[in-house]
Amino acid sequence: MTNRLIRRVSAVALAAVLGGGAALAGASPAQASGCYTGTGTVASPKGGAGATARATLCVNSAGYAWLDTNSTNTVTDRQADGYAARVYVYWAQQYSGAIAVDDTSNSGSVPLYWESNRGTPYLWTEVYVCMGFSRPDDYNGRCASVVYGS
């Protein structure tokens with residue numbers, strides 16, 4: 001697990017032990033709203049430049065999440081290494097995606113398209129960029145966090 005994920009799981013477990021359900025309810029997405037912008041970069045498995053993704057993730061007070069269509073949400077594969085760049089969204093204990101794929105046969109960047117279709121009682125939604133057929137739950141080091149909302 002990534003350090004960020006380990007910290008979140010630990011915080012939720014501690015809150016559950018110390019404060020019961022009320023502590024968890026206080027940390028839910030229904031309590032946090034807004035838009036968060038981030039950039040993530042992952043190296044190529046062959047070394048050097050791999051991929052970069054940029055996304056603006058919005059979460060409303062009901063716990064719905066979506067990519068802000070008024071912002072730049074893209075993924076760019078940086079070299080012809082035989083590995084394509086893929087973007088995934090972690091949402092309600094599962095991954096959506098790849099929501100976009102870029103390889104060097106494309107000129108420039110590829111836009112990201114994703115919108116949630118339901119609220120979530122979970123603590124965060126996160127966007128990842130990966131190289132090749134890797135996914136964030138593979139834990140093989142070929143994925144990087146782009147942005148998360150909690």
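List, please: which pairs have Cβ atoms under 7 Å, are six or more places apart or on different chains, and start with a residue in region 92-109 that is in a loop (DSSP other than H, G, I, E, B) and end with one that is exposed (fewer than 14 other Cβ atoms within 10 Å of the Cβ)? Note: pairs meeting the criteria are 104/80. Listed by first and then second residue, the pairs linking a residue in region 70-82 that is of a type in the set (D, E, K, R) to a residue that is open to solvent by less than 20 Å² (accessible area, probe 1.4 Å) and in a strand (DSSP E or B), with Cβ atoms under 9 Å apart and 6 or more places separating them unless they lie on different chains, are 77/51; 77/85; 77/102; 77/131; 78/51; 78/85; 81/131. The numbered conditions (1) among the aliphatic types (A, V, I, L, M); (2) modelled with pLDDT under 90; (3) surrounded by 17 or more Cβ atoms within 10 Å (Cβ to Cβ) are all true for residue 6 except (3). When the residues of region 127-142 are filtered to those that are open to solvent by 60 Å² or more (accessible area, probe 1.4 Å) and in a loop (DSSP other than H, G, I, E, B), the one that is nearest to residue 90 (Cα to Cα) is 135.
Can you pull out every residue in region 68-87 that is open to solvent by 10 Å² or more (accessible area, probe 1.4 Å) and part of a strand (DSSP E or B)? 74, 76, 77, 86, listed by residue number.
Take residue 145 and tell me if it is among the small types (Gly, Ala, Ser), open to solvent by 30 Å² or more (accessible area, probe 1.4 Å) and part of a strand (DSSP E or B).
Details: among the small types (Gly, Ala, Ser): yes; open to solvent by 30 Å² or more (accessible area, probe 1.4 Å): yes; part of a strand (DSSP E or B): yes.
Judged against the criteria, residue 145 is a match.
Tallying residues that are at pLDDT below 90 and among the aromatic types (Phe, Trp, Tyr) within region 67-112 yields 3.
When residue 140 is tested against (1) of a type outside the set (Lys, Arg); (2) closer than 27 Å to residue 33 by Cα; (3) in contact with a Ser or Thr (Cβ under 8 Å, 6 or more places away or on another chain); (4) at pLDDT below 90, only condition (2) is not met.
Which ones in region 44-61 are open to solvent by 60 Å² or more (accessible area, probe 1.4 Å) and modelled with pLDDT under 95?
Within region 44-61, the first condition is being open to solvent by 60 Å² or more (accessible area, probe 1.4 Å), and the residues that meet it are 46, 54, 61.
46, 61 - these are the residues of region 44-61 that are open to solvent by 60 Å² or more (accessible area, probe 1.4 Å) and modelled with pLDDT under 95.
Would you confirm whether or not region 95-109 contains a residue that is open to solvent by 60 Å² or more (accessible area, probe 1.4 Å) and of a type in the set (A, V, I, L, M)? Yes.
The values are calculated or read from the model by the stated rules, or taken from the named source; none is laboratory data. Since this is a predicted model, take the numbers as computed values, not measurements. All Cβ positions, even for glycine, are placed from backbone atoms using ideal geometry, and neighbour counts span all protein chains on display. Note: accessible area is taken over every heavy atom of the protein model, side chains too, but ligands, DNA and RNA are not part of it. Shrake-Rupley method; radii C 1.70, N 1.55, O 1.52, S 1.80 Å.
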